[in-house]
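Peer 1: Take a look at this one; I'll ask things after.
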Amino acid sequence: MVATLEPEKILKDLRNLWSELGRGAEVTGGVLRACGMTLVVAAESGDDTEELRRTLGVLMHDHPARAIVLRLQEKPGLDANVFSQCWMPFGKHQQICAEGIEITAGSMELAHVAQLLLPLIVSDLPAVLWCRGPRVFSGDVFAPLLPLVQKMIVDSGTAADPQAAIAVIRDLHRQGRLVADLAWTKLTGLRELMASLFDERSAVGIKSVKILYGGDVASPSSIYFSAWMERALPGAQVTLNRGDEGLRGLRSIVLSGEGCEVTITRPDKTTLEVHCGGRIRRSTTMLLAEEVLMGEELSILGADPVFDKVLA
């Protein structure tokens, strides 16, 4: 038999949580309740609870939300508890708090969980589903949750088979789902660098783009970048091939044209080198943490037309 949870009980626990927060802050400047969306996080059972709470805490500063964390486990059973994420802006005396609900459920019980979530999602505000892990690429396990949200965020970089993961995303896109992939979001800085190197006139002269990746298979970011270059330079021949066995992901990009060649290499995780006309320009790139990538996606809740075209 499937255990049941009552939404009314969870909502009552949230009210009691806010009462306790209010009493605890009476001495200071009180508590401001912040909520701009519902963020449903489908977490793997092995995910570190404290690390996930830390990530959510960072996200809440710019994207306050009612966070609903679904912890999926193999064995059946339902359980729930509530929590809060609070911070005090510098120079202020009033705490800002966002609320959260953590639900533990068997992976076969998501249809029941979807019914439970319906009254827990904040009405008249956006709802986003963040699938944190590779489970989303191995079947329709999250299908019951999709009608509840306006946007779905995944990370194909966590999948064992990048091509199969991208195929799943394309299928969801064809179904009319608004899907974002953090493997594409990671490319924002590199795409901005490429745009700064070439204007429309100089880009016309580029005849070939050779992209090399590290690792056994091309990473999703490498595949996306290759497709983006094909669209950005329709007159150039774009190839994606395996390079050395060093760092996984994009390793080098060579753009050749009429009398010029530009090479972009990635000697380590945080450095890009641009070789052009005998000169070397080094650029230090930040390793974008998960919360930074998520923050970028939560800032744009609508469609990303460039990603949609690349995905197609």
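The values are calculated or read from the model by the stated rules, or taken from the named source; none is laboratory data. These numbers were taken from a predicted model, which means no experiment stands behind them. Glycine also receives a Cβ, built like all others from the backbone with ideal geometry; neighbour counts cover every protein chain displayed. Ligands, DNA and RNA are excluded from the accessible area calculation, which covers all protein heavy atoms including side chains. Shrake-Rupley method; radii C 1.70, N 1.55, O 1.52, S 1.80 Å.
Peer 1: What is the spread of the Cα atoms of the chain along each of their three principal axes, largest first, in whole Å?
Peer 2: Here the spans come out as 71, 51, 34 Å, largest first.
Peer 1: Between ARG23, ARG71, ARG33, find the one with the highest GNM mean-square fluctuation for the chain; connect C-alpha pairs within less than 10 Å.
Peer 2: It is ARG23.
Peer 1: Still on this structure, I have one more. How large is the Kirkwood hydrodynamic radius of region 101-233, in angstrom, based on all distinct alpha carbon pairs?
Peer 2: Roughly 17.2 Å, rounded to one decimal.
Peer 1: P(r) for region 82-177, please, calculated from all Cα pair distances in 5 Å bins and given in %.
Peer 2: Result, from short to long distances: 2, 10, 18, 20, 17, 13, 9, 6, 3, 2, 0 percent.
Peer 1: OK, next. Per the 1.4 Å probe, what fraction of the accessible area of the chain, in percent, lies on carbon and sulfur atoms?
Peer 2: 53 percent
Peer 1: Assuming R0 = 51 Å, can you tell me the calculated FRET efficiency for the pair HIS61 and GLU258, based on Cβ-Cβ distance, to the nearest 0.05?
Peer 2: For R0 = 51 Å, the calculated efficiency reads 0.55.
Peer 1: Continuing with this model, one more query. Calculate, for the chain, the solvent-accessible area per residue in square angstrom, rolling a 1.4 angstrom probe over the heavy atoms of the protein chains.
Peer 2: I get 51 Å² per residue for the chain.
Peer 1: In the chain, once you exclude exposed GluC sites (Glu not before Pro) (DSSP loop, at most 16 other Cβ within 10 angstrom), what's the longest stretch remaining?
Peer 2: The answer is 75-244.
Peer 1: Roughly how tilted is helix 162-174, in degrees to the nearest 10 and between 0 and 90, from the longest Cα axis of the chain?
Peer 2: The answer is roughly 70 degrees.
Peer 1: With everything on Cα atoms, drop me the angle between helix 7-24 and the longest principal axis of the chain, reported from 0 to 90° to the nearest 10.
Peer 2: The helix 7-24 is inclined about 90 degrees to the chain.
Peer 1: Rounded to the nearest 5, what % of DSSP beta bridges with both residues in the chain are antiparallel?
Peer 2: Antiparallel: roughly 50 percent of the beta bridges in the chain.
Peer 1: Kindly express, to the nearest 10 degrees and within the range 0 to 90, the angle between helix 290-299's C-alpha long axis and the longest C-alpha principal axis of the chain.
Peer 2: Around 80 degrees separate the two axes.
Peer 1: Looking at region 69-197, send over the antiparallel percent of its DSSP beta bridges, to the nearest 5.
Peer 2: In region 69-197, DSSP labels about 45 percent of beta bridges as antiparallel.
Peer 1: Here's another thing I want to ask about it. Grab the Cα-Cα distance for ARG177 and LYS9, subtract it from 0.36 nm times how many residues apart they are, and report the gain in nm with one decimal.
Peer 2: Going from the current span to full extension adds 57.3 nm.
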